[in-house]
Amino acid sequence: MARRGALYGAQPRLGDCAPGELCLWARSGFRGERRTYELKDVTPESCVPLPKGWSAQSFANRTGRPAAVFQSAECAETGEFHTHPSGSWTPDGEYRVRAVKIWER
């Protein structure tokens with residue numbers, strides 16, 4: 001019999017991210033330093049580079065709007081980027097996130 005939490009397909013513990021926030025963690029599994037962004041601090045559809053030398057490996061979007069994460073600190077679409085719907089939790093991104101953009105509805 002498998003121990004509790006050791007089952008295949010078990011969900012990782014979600015990080016602390018309040019409604020209305022876009023939360024990013026430095027390490028996978030919603031661990032490490034966390035940074036949060038809210039609509040009151042971010043102009044929708046503008047590129048928001050993360051602080052120089054800092055990148056995220058896991059993130060959650062609870063903004064109520066779609067949000068994109070970019071491998072490029074300039075939100076360049078030549079690098080990797082993905083848009084995530086509100087309510088999505090990503091415990092281990094496919095690349096290091098260096099910038100974000102929150103879209104209009």
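Each value in this text was obtained by applying a stated rule to the coordinates, not by laboratory testing. Keep in mind that this is a model prediction, so the values were computed, not measured. Backbone-built Cβ (ideal geometry, glycine too); neighbour counts: all protein chains shown.
So the values come out like this:
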| quantity | calculated |
| --- | --- |
| Rounded to 5, percent antiparallel among DSSP beta bridges of the chain | 100 |
| Rounded to whole Hz, the Karplus (6.51, -1.76, 1.60) HN-Hα couplings of segment 74-83, x for glycine and proline | 9, 6, 5, 7, 7, x, 6, 7, 9, 9 |
| Estimated vicinal HN-Hα couplings, Hz - segment 47-60 in sequence order (Karplus 6.51, -1.76, 1.60; Gly, Pro = x) | 6, 10, x, 6, x, 3, x, 10, 9, 10, 10, 9, 7, 9 |
| Highest-first arrangement of 42-50, 55-63, where packing means the average Cβ count within 10 Å | 55-63, 42-50 |
| Matching label, Cα extents along the principal axes in Å computed from the structure shown, candidates (i) 50, 26, 22; (ii) 69, 28, 21; (iii) 40, 35, 20 | (i) |
| Positive dipole terminus of segment 21-102, leading residue within Val100, Gly32, Thr43 (C-beta point charges) | Gly32 |
| Size of charge dipole - the chain - debye, nearest 20, with Cβ of Lys, Arg +1 and Asp, Glu -1, no other charges | 500 |
